[in-house]
Amino acid sequence: MTQPSYLSRRLHSFGYALRGLAILAATQHNARIHAIATVLVIAAGVLFRISLTEWCLIVLAITCVWVAEALNTAIEFLVDLVSPDPQPLAAKAKDVAAGAVLIAAIGALAIGIIVLGPKIWDSVLG
């Protein structure tokens, strides 16, 4: 039997990653909230014609939240697998992972306020 080519293996890897994103979107209510926030922030960035540097900050903030949410979900799935019955350490692991998402979301909110806040304020008052 022939080994799959390097390119074929890489394409399969992308497939697994896309499947993971689909699982994230299908199973996590907060991921759907993040998706709505992502669309709204991108729309606001386009509307207010933010600078390249501001886009970089916004993209970095969005990416951090999505990475944190994905890792949180992976940790939750893994904890549920290895500890199906309630365990104090399992609960702590899940809580800390959820806390990481909260930290990322607060940081993203701060960046959003810094970048978009003055533009929204000026458009309301202007």
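The values are calculated or read from the model by the stated rules, or taken from the named source; none is laboratory data. Keep in mind that this is a model prediction, so the values were computed, not measured. FYI the Cβ positions are ideal-geometry reconstructions off the backbone, even for glycines, and counts take in every protein chain you see.
Structure above, values below:
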item: Restricting the stretch 24-36 to residues that are part of a helix (DSSP H, G or I) and in contact (Cβ under 8 Å) with a residue 24 or more places away in the chain, the residue that is nearest to Gly112 (Cα to Cα); result: His34
item: Some residue of the stretch 88-96 being under 30 Å from Thr53 (Cα atoms) and under 19 Å from the mean Cα position of the chain (by Cα); result: no
item: Output for the stretch 115-126, where each listed residue is touching a residue at least 12 places away in the same chain (Cβ under 8 Å), among the aliphatic types (A, V, I, L, M) and surrounded by fewer than 17 Cβ atoms within 10 Å (Cβ to Cβ); result: Ile120
item: Hey, Ala91 over 21 Å from Ala17 (Cβ atoms) and surrounded by 18 or more Cβ atoms within 10 Å (Cβ to Cβ) or not; result: no
item: Near pairs, Cβ below 8 angstrom, 6+ apart or cross-chain, from the stretch 98-112 (surrounded by fewer than 19 Cβ atoms within 10 Å (Cβ to Cβ)) to any residue that is in a helix (DSSP H, G or I) and not aliphatic (A, V, I, L, M); result: Ala98/Asn72; Ala100/Asn72; Gly107/Cys64
item: The listed residue being among the hydrophobic types (A, V, I, L, M, F, W, C), without any contact (Cβ under 8 Å) to a residue 60 or more places away in the chain and surrounded by 13 or more Cβ atoms within 10 Å (Cβ to Cβ), out of Ala44, Ala74; result: Ala74
item: Any chance Glu54 is in contact with a Gly (Cβ under 8 Å, 6 or more places away or on another chain), touching a residue at least 40 places away in the same chain (Cβ under 8 Å) and of a type outside the set (A, V, I, L, M, F, W, C); result: yes
item: Any hit, the stretch 78-93, residues being β-branched (Val, Ile, Thr) and within 29 Å of Pro118 (Cα to Cα); result: no
item: The stretch 31-83, residues that are under 14 Å from Lys94 (Cβ atoms) and in contact with a Lys or Arg (Cβ under 6 Å, 6 or more places away or on another chain); result: Glu76, Val79
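One line per residue, one yes/no per condition, for (1) among the aliphatic types (A, V, I, L, M); (2) at pLDDT 95 or above:
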position: Thr2; (1), (2): no, no
position: Arg32; (1), (2): no, yes
position: Ala37; (1), (2): yes, yes
position: Ser51; (1), (2): no, yes
position: Glu54; (1), (2): no, yes
position: Ala61; (1), (2): yes, yes
